[in-house]
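Throughout, read-outs are computed from the coordinates displayed, never taken from laboratory work. Source: prediction; values computed, not measured. Here the Cβ positions follow ideal geometry from the backbone for every residue, glycine too, while neighbour counts run over all protein chains shown.
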Amino acid sequence: MDDTGIHSNEIHVGASRTLGNARLLEAYRASTLRLYTHRLQAISEVPGFERLCDRAREVKREVIEHLDSYLAQFADNVERHGGKVHWASTAEEVCRIVVDIAHHSGAREVVKAKSMLGEEVEVNHALAAAGIRAMETDLGEFIIQLAGERPAHIVAPAIHKTREDVSELFVTHIQAERTVVPEQLTAIARRALREMFQKAGMGMSGANFAVAETGTVVLVENEGNIRMCTTVPRVHVALVGIEKLIPRLADLGVFLRLLGRSSTGQKLTTYTSFLTGPRRPGEDGPEEMHVIMVDNGRTAALADPKMREMLYCIRCGACLNTCPVYRKIGGHAYGWVYSGPIGALVTPELVGIGQARELPFASSLCGACREVCPVRINIPDLLLHLRSQAQEHAPKRQESLLPERLMFRLWAWGMRHPLLYALGTRLARWGQVLLARRGWIRKIPLFPASQWTKGRDFPALAPKAFRDRWKQLRGE
């Protein structure tokens, strides 16, 4: 993989850029809060939602523990239904296979459905280098393609764009009339994309799930563009991460009930497509269906018993919407395709801890991401594991971290001396009288604590220490 476009170790720069942009901060805050609230409402209507999560986790555990046999079963069933399976170990191999299929089919235009895996391997760049025009057809992806950006969110790639931003992009790139009315903006995009659907010789998609039992690629969406990409062109290519498998068609009901509710707060997305091979006589659909099974670092995660759990992810984006860090710094600060808590896990595994050693530290470890994950990935625990690895790969002398190291050494020393620790907390409690208001400290004047309150408040110490409360409770 070409790592020149990976800037994950520059997360502090990206975070500062977002924190300094009030409009961007409000866009992230409002959008994530809306999605988070919709999720709460949606799951409250499902009796036994927690049991569904337990079942989904068990199914994913079963798949990942026996991935080799399920991959073989899926590939056999795809080819039994007339599809062609390709295997790709790296991003370069994925792009080479896609370009070869396009050349063989004579396609000069390709329409693409939303695919985070496509973003990961940078297939658009490979197609462009081969003289093939690739057009994103998901509205959010279409917007960021015009802007020359990467997705800012796993589910809602243009979450950071306002109506004014979109209008300006449409005026500049497709000579549309200026408007900020959402329905009119959607109609403009529809007209531009309709022409591409009619011209394209090849369509590409990702896969939300891949059913080993039947060889079926399952896709969920709200716009209908995926159905156009996978049925109108003569050739359909599906990029499928090897972790996307589920064993049986009967298991799909569990995941469909979880995915829509966890990602957008819907009972079910507007369209759910089941693609099992190319078209048969009397059917609509492509003449050829190619399924590219992609590794690109996933077997490395599989080989690590601690990180294997990362592969359970169904890309719902719920952890992004609840994460206080993502809400503040936004998706682009993470420096690559995947953002938020899951991005802080996925990126170091796929590109190497050296390229992304800062990401595991971009978390408060509050556990909110673990609480909302529909397959119960213990994200905070995995982040701590990656932090340990990151420290092993840290430069021997890193002057920028000297204050942090001194602070933690002082903390460790205090924790080993209970009387001094108790005295220190008592002095801190007295000292915060001038700073604390209603349980929060808005600004700490002393470095390095002052860096914390630049972008967030600090919780004030409780009026009474826990050890004092404990003595009182035991006495009672």
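Structure notes:
- Rounded to the nearest 10 degrees, the inclination of helix 340-351 to the longest alpha-carbon principal axis of the chain is 70 degrees.
- Listing Ile143, Ile444 from fewest to most neighbouring C-beta atoms within 10 Å gives Ile444, Ile143.
- For the range 416-475: Kirkwood Rh in Å [reciprocal of mean 1/r, alpha carbons]: 12.9
- Pairs with C-alpha atoms separated by more than 22 Å, drawn from the list Lys114/Lys199; Lys161/Lys443; Lys267/Lys328; Lys60/Lys328; Lys244/Lys306; Lys328/Lys454, are Lys161/Lys443; Lys267/Lys328; Lys60/Lys328.
- Taking every C-alpha pair closer than 8 Å and separated by at least 6 residues, the mean separation divided by the residue count of the chain gives a relative contact order of 21 percent.
- The equivalent ellipsoid that matches the C-alpha gyration tensor of the range 167-218 spans semi-axes of 33, 14, 8 angstrom, in descending order.
- Calculated FRET value between Gln472 and Arg23, using beta carbons and R₀ = 30 Å, to 0.05: 0.05
- Taking the range 50-298 and dividing mean pair separation by its residue count, relative contact order in percent (alpha carbons under 8 Å, at least six apart): 28
- Ascending count of other beta-carbon atoms within 10 Å, so fewest first, for Phe74, Phe458: Phe458, Phe74
- Compactness index (Cα Rg / 2.2 N^0.38 Å), the range 262-334: 1.63
- Volume per residue that the Cα convex hull of the range 362-476 spans, once the total is divided by residue count, Å³: 183
- When you work out D = kT/(6 pi eta Rh) for the range 50-298 at 4 °C and 1.567 mPa s, using the Kirkwood radius from C-alpha pairs as Rh and the Stokes-Einstein form, the result is 69 µm²/s.
- Put in order of Cβ neighbour count within 10 Å, fewest first, the listed residues His38, His290 become His38, His290.
- Considering only Cα atoms, the convex hull volume of the range 162-249 works out to 122 Å³ per residue.
- Net charge dipole, the chain: roughly 2580 debye, given to the nearest 20, about the Cα centre with Cβ charges of +1 for Lys and Arg and -1 for Asp and Glu.
- The protection proxy used here, the mean number of other Cβ atoms lying within 10 Å of each residue, ranks peptides 334-345, 49-60 as follows, highest first: 334-345, 49-60.
- With K and R counted +1 and D and E -1, the other residues having a Cβ less than 12 Å from that of Leu410 yield a net charge of +2.
- Between helix 466-475 and the chain there is an angle of about 70 degrees, using the helix long axis and the longest principal axis of the Cα atoms.
- Rounded to the nearest 20 debye, dipole of the range 319-467 from Cβ charges on Lys, Arg, Asp, Glu: 780
- What you get for the range 50-298, charging only the Cβ of Lys and Arg (+1) and of Asp and Glu (-1), is a dipole of about 560 debye around the Cα centre.
- Answer label for log10 I(q)/I(0) by the Debye sum over Cα atoms at q = 0.06 Å⁻¹ (calculated), chosen among [x] -0.37; [y] -0.31; [z] -0.24: [y]
- Relative contact order of the range 302-371, defined on C-alpha pairs under 8 angstrom at six or more residues apart (%): 30
- The packing ranking, built from the mean of other Cβ atoms within 10 Å per residue, places the peptides 239-252, 128-141, 459-472 in the order 239-252, 128-141, 459-472, highest first.
- The range 27-118 shape via C-alpha gyration tensor axes, a/c threshold 1.5: oblate
- In this calculation the C-beta distance from Thr272 to Lys454 is compared with R0 = 51 Å, giving a FRET efficiency of 0.70.
- Working ranking of peptides 161-171, 321-331 by packing, defined as the average number of other Cβ atoms within 10 Å per residue, highest first, is 321-331, 161-171.
- The angle separating the long axis of helix 182-199 from the principal Cα axis of greatest extent in the chain is about 40 degrees.
- Shape call, the range 250-388: gyration tensor on alpha carbons, a/c limit 1.5: prolate
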